[in-house]
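Structure record follows, encoded as structure tokens.
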Amino acid sequence: MQAVLIDTHAHIYLPEFDADRESIVKRAEAAGVKAIYLPAIDSSTHEAMLRTEQDYPACRSMIGLHPCSVKEDFENEIAIVEDYLQQRPFAAIGEIGLDFYWDTTFTRQQYAAFHRQIELALRYNLPIAVHSRNATDECIDVVSQYPGLRGVFHCFSGNEEQGRKLMALQFQLGIGGVVTFKNAGLDKVVQAVGLSHLILETDAPYLAPVPHRGKRNEPSYTSLVAEKLAGLLATSVDEIAKITTGNAKKLFRMVENP
């Protein structure tokens, strides 16, 4: 019986997939990926995301404002998120957080948007998907202010100490293609912290795992991440799938089988 995998973070609604989205979803299914979680970016992509969810039953939408989309007018974007939350259910609030890699012009606004969206997550009893590029410690500081908050640090690339802090806060660590990169160091962190708080993701179309590094990523490559983890932790792909899928189902409170 094929291992059941969940891609907890993939942007397959973006234009990069317009030419072959159906094939992408079919390949994911063939690779054992039974659910694909779609993180939101901003109001320019919400409709495409929700249309993709409607077209493909394996897809489940989040809602939120990506930190790289936070500008002076971020309050308008948060109002749109709130409006969607009043209309229908979502899997999570995400992706949200802090990004100090490209630009720090709107640092104050990024923090304000992060806090506002955490408050929405608590109000609606939803997990959060955290984007923390060049800001892992800062994001840990923020989430630690909210007892009872649950979520995932998507594309986790921190060190062992940061990973253990998040595990103590009952957060999951989203592991994707970076774990296959030779000098990323994430392999050693995973070996140190173990499987108990790991979930799988691709971040498609970005960060494709080896041997596809530098090319377009896709949800079927979740299986390559599982294979890499199995090798690192000296266990089977079935065991990786069982634990990470269980962690994802618990996080997103999935009642049905993916």
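The values are calculated or read from the model by the stated rules, or taken from the named source; none is laboratory data. No experiment lies behind these values; they were computed from the predicted model shown. Quick reminder, even Gly has a Cβ in these numbers, built from the backbone with ideal geometry, and neighbours come from all protein chains shown.
Couple of notes before you dig in:
- A single member of ASN159, ASN134 is closer than 30 Å to ARG216 by Cα, surrounded by fewer than 19 Cβ atoms within 10 Å (Cβ to Cβ), touching a Gly at 6+ places or on another chain (Cβ under 9 Å) and not hydroxyl-bearing (Ser, Thr, Tyr), and it is ASN159.
- Pairing residues of the stretch 205-216 that are over 14 Å from LYS182 (Cα atoms) with residues that are β-branched (Val, Ile, Thr) and modelled with pLDDT of 95 or more, at Cβ distances under 9 Å and at least 6 apart in sequence or on separate chains, gives PRO205/ILE12.
- Scanning the stretch 14-56 for residues that are out of contact with any strand residue (DSSP E or B) (no Cβ under 6 Å at 6 or more places or on another chain) and closer than 19 Å to HIS131 by Cα yields LEU14, ILE41, ASP42, SER43, SER44, THR45, HIS46.
- Taken over the stretch 1-26, residues that are part of a helix (DSSP H, G or I) and either at pLDDT below 95 or surrounded by 13 or more Cβ atoms within 10 Å (Cβ to Cβ) (or both) amount to 6.
- Hits in the stretch 54-74 - residues which are part of a loop (DSSP other than H, G, I, E, B), in contact with a helix residue (DSSP H, G or I) (Cβ under 8 Å, 6 or more places away or on another chain) and either closer than 15 Å to LEU98 by Cβ or among the aromatic types (Phe, Trp, Tyr) (or both): TYR56, GLY64, LEU65, VAL70, LYS71
- Filter result for the condition that a residue is in contact with a strand residue (DSSP E or B) (Cβ under 9 Å, 6 or more places away or on another chain) and within 17 Å of GLU138 (Cβ to Cβ), over PHE114, PHE90: PHE114
Conditions tested, residue by residue: (1) under 24 Å from PHE17 (Cβ atoms); (2) buried (at least 16 other Cβ atoms within 10 Å of the Cβ).
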site: LEU38; (1), (2): yes, yes
site: LEU50; (1), (2): yes, yes
site: GLU53; (1), (2): yes, yes
site: MET62; (1), (2): yes, yes
site: SER69; (1), (2): yes, yes
site: PHE74; (1), (2): no, yes
site: LEU85; (1), (2): no, yes
site: THR105; (1), (2): no, no
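- Residues satisfying the stated conditions in the stretch 76-112, i.e. assigned to a helix (DSSP H, G or I) and under 15 Å from TYR146 (Cα atoms): TYR111, ALA112
- Residues of the stretch 150-173 that are in contact with a strand residue (DSSP E or B) (Cβ under 7 Å, 6 or more places away or on another chain) and either farther than 17 Å from HIS9 by Cβ or part of a helix (DSSP H, G or I) (or both): GLY163, LEU166.
- For the stretch 174-200, residues that are among the charged types (D, E, K, R), free of Cβ contacts under 8 Å to residues at least 40 places away in the same chain and not in a loop (DSSP other than H, G, I, E, B) total 1.
- Scanning the stretch 245-254 for any residue that is hydrophobic (A, V, I, L, M, F, W, C) and either on the phi > 0 side of the Ramachandran plot or free of Cβ contacts under 8 Å to residues at least 24 places away in the same chain (or both) turns up nothing.
- Within the stretch 137-149, if we keep just the residues that are assigned to a loop (DSSP other than H, G, I, E, B) and in contact (Cβ under 8 Å) with a residue 12 or more places away in the chain, the residue that is farthest from PHE114 (Cα to Cα) turns out to be GLY148.
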